[in-house]
Amino acid sequence: MSTLTSTPPLQETLAVSKKRSRRRGGPDAPINKRQFYRHLMLIAMASVMFYPLAWMIGASFRDDSQISDPGIWPGQYFTLDGYTEGWEGIAGVPFIRFLFNSLLVATLCVVGNLIACSITAYAFARIEFRFKKVWFAIMLGTLMLPHHVILIPQYILFRQFDWLNTYLPFFVPKILATDAFFIFLLVQFFRAIPRQLDEAARIDGCGHVRIFLRIILPLSKPALATTAIFTFIYSWNDFFTPLIYLTDTELYTVPLALRSFIDATASSAFGSLFAMSVVSLLPVLGIFIAFQKLLVEGIATSGLKG
């Protein structure tokens, strides 16, 4: 005799699936009031933080006479004069020249930090040498050293080298691995990579150079991307260093060029200032969106102990 297996009714199956969906927090789950108010508070905080950016974008499309309007919409004062006049630049130098200068400086700083900090981090993470812990502690101690303490000695040194009004003071310190934060970040990431890979490579006859280039670096893309993104953003937005070392208008970076739109002794072009500020945000925003996944992964995994 053959036994017949009875299938459960459709209503019973739907009821079971709804119960499981409620337990797992699915679309049929009851609304949690606590979670609702939490999301509502986060949305309110995000709106407060987003308002200055939205106001700047709206102000970039306004006439200078209505630039102080607190609203975020240009309304009847909509105009593109801020973009057209701002793109013409200052002192006969077009604004695209300042964008190129900032891109050049940021790229050189990124390359310098990636090369120098990764090599230094590999030495601290994988090579044993005398007074290693002492040097590592000294390196971390530089994080607590204010930048203003070394500003005057650096300026005197670079002036003796005849590096003023050049881009050398921007990226030469990067080649010497002066950013202790990125060294520490890469050291933590390198320590999380299993040492068995190094031992297997040494059995195949690899030295430190080949292990570094063929094993450590390919496995450290998230940390390297984090270093590159933060270096680019900091170099792109840096105002103080160009203010100290650059005097020629053609060598200005974007922050100095934006500051030049405001003149305390004459009329200030606030429309052009806000318009070019919006333009200067696009490269940083594009890079952050393109490498957001690697950035989050690099920050999340750099604190693991190997």
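The values are calculated or read from the model by the stated rules, or taken from the named source; none is laboratory data. Being a predicted model, the structure only gives us computed values, none of them experimental. Neighbour counts run over all protein chains shown; Cβ positions are idealised from the backbone, glycine included.
Which one of Phe61, Phe36, Phe124 is part of a helix (DSSP H, G or I), surrounded by 13 or more Cβ atoms within 10 Å (Cβ to Cβ) and of a type outside the set (S, T, N, Q)? Break it down stepwise before answering.
Working: Phe61 fails: part of a helix (DSSP H, G or I); Phe36 fails: surrounded by 13 or more Cβ atoms within 10 Å (Cβ to Cβ).
Among Phe61, Phe36, Phe124, only Phe124 is part of a helix (DSSP H, G or I), surrounded by 13 or more Cβ atoms within 10 Å (Cβ to Cβ) and of a type outside the set (S, T, N, Q).
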Over segment 150-182, the set of residues in contact (Cβ under 8 Å) with a residue 60 or more places away in the chain, surrounded by fewer than 16 Cβ atoms within 10 Å (Cβ to Cβ) and either touching a helix residue (DSSP H, G or I) at 6+ places or on another chain (Cβ under 6 Å) or not in a helix (DSSP H, G or I) (or both) is Leu164, Asn165, Thr166, Ile175, Leu176
Qualifying positions in segment 60-81 - within 26 Å of Thr249 (Cα to Cα) and either in contact (Cβ under 8 Å) with a residue 60 or more places away in the chain or assigned by TED's automatic domain parsing to the domain that holds Ser260 (or both)
Ser60, Asp64, Asp81
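Conditions tested, residue by residue: (1) aromatic (Phe, Trp, Tyr); (2) free of Cβ contacts under 8 Å to residues at least 40 places away in the same chain; (3) in the same structural domain as Ser272 (by TED's automatic domain parsing).
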| site | (1), (2), (3) |
| --- | --- |
| Tyr83 | yes, no, no |
| Val105 | no, no, yes |
| Leu108 | no, no, yes |
| Met144 | no, yes, yes |
Within segment 282-292, can one find any residue that is buried (at least 16 other Cβ atoms within 10 Å of the Cβ), of a type in the set (Gly, Ala, Ser) and outside any loop (DSSP other than H, G, I, E, B)?
no
